[in-house]
Structure formats: C-alpha cells, structure tokens
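Following: one structure in structure tokens, then a few remarks.
What follows is calculated from the coordinates using simple rules that are stated; it is not laboratory data. In this text, all values refer to a predicted model and were calculated from it rather than measured experimentally. We place every Cβ from the backbone using ideal geometry, glycine too, and count neighbours over all the protein chains shown.
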Amino acid sequence: MTDWLVIYEKPQSMSSDNWHKPAMSTPTPDSLPLLLSGVSAMALLKGVSRSFYLSIRVLPSALRAPIAVAYLLARATDTLADTPTLPVAERAEMLDTLAEAIQKGPDAGIDKESGDWRAISARFAALDHDPAEQALLNALPHCMATLRSMYTADQQDIRRVLHHITQGQAPDLARFAGTGVVRALANAEEVDAYTYSVAGCVGEFWTTLCFRHVPDFAQLPLAQMTALGRRFGMGLQRLNIIRDLQADLAAGRCYLPKDALAACGLAPQELSAPPPSFAPFYQAWLDETQALLNDGMTYAMAIQSRRTRAASALPALVGTRTLALLRAAGPVAQMPPVKMARAEMRALLLRLACTLAGRRALERHYRQLSAFTYPSAAMGQSPQ
C-alpha cells in the first residue's frame with residue numbers, strides 16, 4: 001500500500017535529527033499518493049472542507065503537505081470530540097490518547113481500556129455516519145505515517161499547532177457536557193482563548209511555514225505577519241461562532257460571552273429566538289469580527305507570491321461576504337446558516353484567476369464583497 005502525501009524523501013546520508021530541508025521535487029496536489037481504498041488526500045480534503053480544499057489547491061507545492069496533514073489531523077480530533085453517540089468522558093479519554101500519539105509518535109497513547117489510537121480511529125469511523133468523516137478516520141494511520149516522514153521543523157510545527165488545538169478541545173468537552181442546559185463562555189477572555197486555540201494558532205502555524213518554504217514571502221517582518229495571522233484566524237472563528245449560533249444552541253453550546261449577554265439583559269437560551277435587545281450585541285460582534293478580517297486582508301496583501309496571496313486572501317473574501325449577508329439578515333434565527341452561494345463562489349474564483357490575485361484587484365473585490373448583499377443568497381441560493 002502506498003503511503004499518502006509522501007512529499008519529502010529523506011536522503012540516505014542524513015539522520016532524522018539533522019534533516020531540515022525539503023526534497024527538491026514535490027508532487028502537484030492531484031498527484032499525491034493514495035490513501036486507504038484508493039481515496040486521495042485531495043479527495044479527503046474536498047469531502048471534509050470544500051473551502052479548505054479550494055485554498056490548498058493554489059498553494060505552492062512545498063506548503064501543501066504540511067498544511068494538509070495538520071488540517072486532516074485537526075479535523076480528526078474535532079470529529080472525535082464531537083461524536084454525540086459516546087459519553088463525554090469516553091470521548092475525552094480517547095481524544096487524550098490520540099493527542100498523545102500525535103505528540104509522541106504512533107507507539108504512544110496506549111490506553112488500557114480502549115486500546116491504542118488505531119483501534120480508536122477505527123471505532124469512531126464505524127460510529128460516524130458521514131462518509132467523508134469515515135474516510136478521514138480510516139485514513140488516520142496514514143496521516144500519522146506521513147507526519148513522521150516529514151522533515152524535523154515541519155513535524156515540530158504540526159505537533160505544536162495540534163497541541164494548541166487539542167488543548168482547546170478538551171475543556172470544550174467538559175464545559176459543554178450534555179446537561180440539557182445551554183451553557184456559554186464566561187467572558188471575552190474565554191472567547192479569545194477559544195478562538196486562539198482553534199484558529200488563531202493556525203494563523204501562526206501558516207505564517208511560520210510560509211516564511212520557511214516560500215522565498216521572499218512577505219513585505220512585512222515575521223513578527224508582524226505572525227500577529228496579523230493570529231488575528232485573522234481568530235476573526236474567522238468569530239465569524240463561525242455567529243454564523244453557527246443556532247446549530248450550537250441546539251447542541252447546548254453558546255460561544256458568546258455570558259457576561260456581555262447579561263449586560264444586555266439576555267440569557268444564552270433566549271437566543272434561539274433573539275429578542276430586539278440582542279441587536280446591539282450582534283452588530284458589535286460583527287464590527288469586531290470585520291476588524292479582524294480587515295487584518296486578514298492586510299496579511300494577504302503583504303504576501304509577495306501571487307499564489308500564496310490568493311490562498312490567504314480567499315478566506316477573508318468569503319468571510320467578509322458572509323458578514324455582509326449576516327448584516328443584511330439581522331439578528332434573527334438562521335437555519336440553515338447564512339453562507340455564500342456556490343455560484344457566487346465560482347465567480348469569485350474566476351475573478352481571482354483572471355486578475356492573478358493582483359493587489360488592486362483584491363482590494364476592489366474585498367470592498368465590493370463587504371458592501372453589497374444579495375438577500376436570496378443568504379440561504380445558499382444563487383443571486384439574481
């Protein structure tokens with residue numbers, strides 16, 4: 001069986017400890033080796049996240065493997081944490097087992113009750129009814145093998161970002177243990193800690209990899225780009241929080257700060273049918289999120305490589321469009337969540353290709369997407 005994403009080939013003369021440089025040649029995304037049952041890495045990505053799949057396709061080849069592996073591992077841990085058919089305590093124990101295996105290697109993370117992480121991934125795959133998630137969990141051993149095949153610096157960065165992510169998932173499981181009562185984050189500090197652990201750290205990871213693998217990556221220095229990348233990621237997660245509010249409430253979760261809601265005379269459970277007093281909070285949340293996405297565009301505009309600039313700008317462009325739709329919809333219960341229409345997404349990708357992600361064109365697209373709205377598109381329909 002062919003290992004998937006074999007991007008790096010370690011020279012025979014180099015040890016694992018001093019292997020710090022990528023191989024000279026890397027495959028294109030569609031030529032990545034196959035996973036279990038002939039499922040390719042790109043097919044996995046397309047199945048679990050269409051937007052991420054679109055972004056990674058335009059990345060320089062040296063970035064695709066570490067970013068894809070980190071994403072797939074993070075998505076696997078998230079799937080384990082969110083499986084509702086198992087008790088919270090069991091999910092938490094299994095998440096800890098997988099997190100240990102990621103950090104220490106495939107022979108770590110042995111659990112006397114549940115077996116090793118390989119058995120855990122197979123068990124969760126059987127419980128998950130989503131075919132894409134099943135394929136991901138079945139492919140987890142190959143993800144781990146690929147992680148071990150990468151050169152040292154990338155392995156360390158992947159493990160570091162997965163540590164942040166899993167350290168954020170564990171308290172999330174405990175906080176929202178099924179009690180039949182909607183629970184919220186306590187305050188803005190908890191919101192910041194949550195959005196950093198699931199997305200802000202990813203912005204830092206992305207930036208570190210880009211400075212390592214992309215020559216002359218950005219016009220701004222590493223420290224400034226890292227800070228912008230962190231804020232960019234946190235902004236995207238804040239957007240997810242408000243867009244997915246109703247689905248989270250139905251699951252007993254509220255990622256909005258309880259103290260700020262209380263200052264508006266609101267309790268989390270009231271938001272399933274938001275009263276008028278929610279409107280000022282809602283608009284302030286959108287404004288703060290817009291400021292973070294603006295930082296994301298500053299980040300993208302500083303990137304020298306057009307391909308990497310396009311991949312970095314795309315989430316900001318889609319995000320600001322989604323914010324515009326949320327403003328147009330107002331603080332009302334949205335099920336299904338507001339999202340950008342597929343036809344509009346295709347048009348955006350075509351414009352990016354035609355303009356080669358030029359800076360002036362990106363600025364124009366961002367202003368346009370931030371400003372105008374198609375109410376019919378809010379439910380995923382094509383604008384007229």
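Just order 287-295, 360-368 by mean Cβ neighbour count inside 10 Å, highest at the front, would you?
Details: 287-295: 18.1, 360-368: 15.9.
Result, highest mean Cβ count within 10 Å first: 287-295, 360-368.
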Quiz prompt | In sequence order, calculated HN-Hα J values of segment 294-299 (Karplus, 6.51, -1.76, 1.60; Hz; x Gly/Pro) | solution = 4, 4, x, 5, 4, 4
